[in-house]
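Report on the following structure.
The values are calculated or read from the model by the stated rules, or taken from the named source; none is laboratory data. Everything quoted here is computed from the prediction, not taken from an experiment. Neighbour counts are summed over all protein chains in view; Cβ atoms, including those assigned to glycine, are modelled from backbone coordinates with ideal geometry. When the accessible area is computed, the model is the full protein with side chains, heavy atoms only, and any ligands, DNA or RNA have been set aside. Shrake-Rupley method; radii C 1.70, N 1.55, O 1.52, S 1.80 Å.
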Amino acid sequence: DTGVSQDPRHKITKRGQNVTFRCDPISEHNRLYWYRQTLGQGPEFLTYFQNEAQLEKSRLLSDRFSAERPKGSFSTLEIQRTEQGDSAMYLCASSLTIGEQYFGPGTRLTVT
Amino acid sequence: GENVEQHPSTLSVQEGDSAVIKCTYSDSASNYFPWYKQELGKRPQLIIDIRSNVGEKKDQRIAVTLNKTAKHFSLHITETQPEDSAVYFCAEKFGNEKLTFGTGTRLTIIP
């Protein structure tokens, strides 16, 4: 499969725990985006990278959230001290510098 | 992009009829307008897009129109089929920035 992949697909965690998600973009894509989607809503932008540089972070991204793309390939999104409000689908997308964004299958996070 | 309004939130059409979904945006600098289809539990899939230098684009049964003056764009699906049932999201962006999505339209095709 040469599309965007995400791992894990589902994560259940207790409030206060830390979680980390991984995204592998389409191999030649230099841009990588993280979005969050709650039930009945469209995806909301969180942050994006061009190669290894994080170029923009949304106001939605509190200091409990951190994202990295150390080698300009895969990316990780970490949420520290999870809260019930963090429960959502976390979507990753990738694109060329100028091009369409293709989404991964998402990681569904449930915080109990 | 700043804000995207999408209407209607739900739409039911008889199989074979046409469906139209409309979006309005506020940022006059927006220059790229994709449409995504999302089936239950699956990833958003790009189905068609249009750039600001074009007024209309068509791909088989799907077409998108853009009115830059009025800042709105629409998705048209003709000869609808049961497999067209899904949630559709419009989106917009300026340059290489992030996508701003509408709130979605749940389309149901009635056999």
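A few notes on this one:
- Total residues in the range A:63-80, condition surrounded by fewer than 21 Cβ atoms within 10 Å (Cβ to Cβ), touching a residue at least 40 places away in the same chain (Cβ under 8 Å) and either under 25 Å from B:Gly102 (Cβ atoms) or facing chain B (nearest Cβ under 10 Å) (or both): 0
- Scanning the range B:76-90 for residues that are aliphatic (A, V, I, L, M) and away from chain A (no Cβ under 14 Å) turns up just one, B:Ile77.
- Here A:Leu109, A:Leu60 are screened, and the one residue that is open to solvent by 30 Å² or more (accessible area, probe 1.4 Å) and within 30 Å of B:His7 (Cα to Cα) is A:Leu60.
- Residues located in the range B:52-102, provided they are at pLDDT 95 or above and among the aliphatic types (A, V, I, L, M): B:Ile62, B:Ala63, B:Val64, B:Leu66, B:Leu75, B:Ile77, B:Ala86, B:Val87, B:Ala91
- Given (1) within 14 Å of chain A (Cβ to nearest Cβ); (2) closer than 17 Å to B:Lys22 by Cα; (3) at pLDDT 95 or above; (4) open to solvent by 40 Å² or more (accessible area, probe 1.4 Å), number of the condition B:Thr105 does not satisfy: (4)
- Residues (touching a Ser or Thr at 6+ places or on another chain (Cβ under 8 Å), hydroxyl-bearing (Ser, Thr, Tyr) and modelled with pLDDT of 95 or more) located in the range A:1-37: A:Thr13, A:Thr20, A:Tyr33
- Against the criterion of being surrounded by fewer than 17 Cβ atoms within 10 Å (Cβ to Cβ), in a strand (DSSP E or B) and within 14 Å of chain A (Cβ to nearest Cβ), B:Leu40 does not qualify.
- Just one of (1) in contact (Cβ under 8 Å) with a residue 12 or more places away in the chain; (2) surrounded by fewer than 16 Cβ atoms within 10 Å (Cβ to Cβ); (3) touching a strand residue (DSSP E or B) at 6+ places or on another chain (Cβ under 9 Å) fails for B:Ser28. It is (3).
- Condition check for A:Leu96: within 14 Å of another protein chain (Cβ to nearest Cβ) and open to solvent by 20 Å² or more (accessible area, probe 1.4 Å): yes
- If the condition is being in a strand (DSSP E or B), open to solvent by 60 Å² or more (accessible area, probe 1.4 Å) and facing another protein chain (nearest Cβ under 8 Å), then the range A:33-56 contributes only A:Glu44.
- Criterion violated by B:Ser12 - all others in (1) more than 21 Å from B:Lys57 (Cα to Cα); (2) in a strand (DSSP E or B); (3) free of Cβ contacts under 8 Å to residues at least 40 places away in the same chain satisfied: (3)
- Filtered residues of the range A:1-31 (kept if open to solvent by less than 40 Å² (accessible area, probe 1.4 Å) and either in contact with a Gly (Cβ under 9 Å, 6 or more places away or on another chain) or β-branched (Val, Ile, Thr) (or both)): A:Gly3, A:Val4, A:Gln6, A:Thr13, A:Val19, A:Cys23, A:Pro25, A:Ile26, A:His29, A:Asn30, A:Arg31
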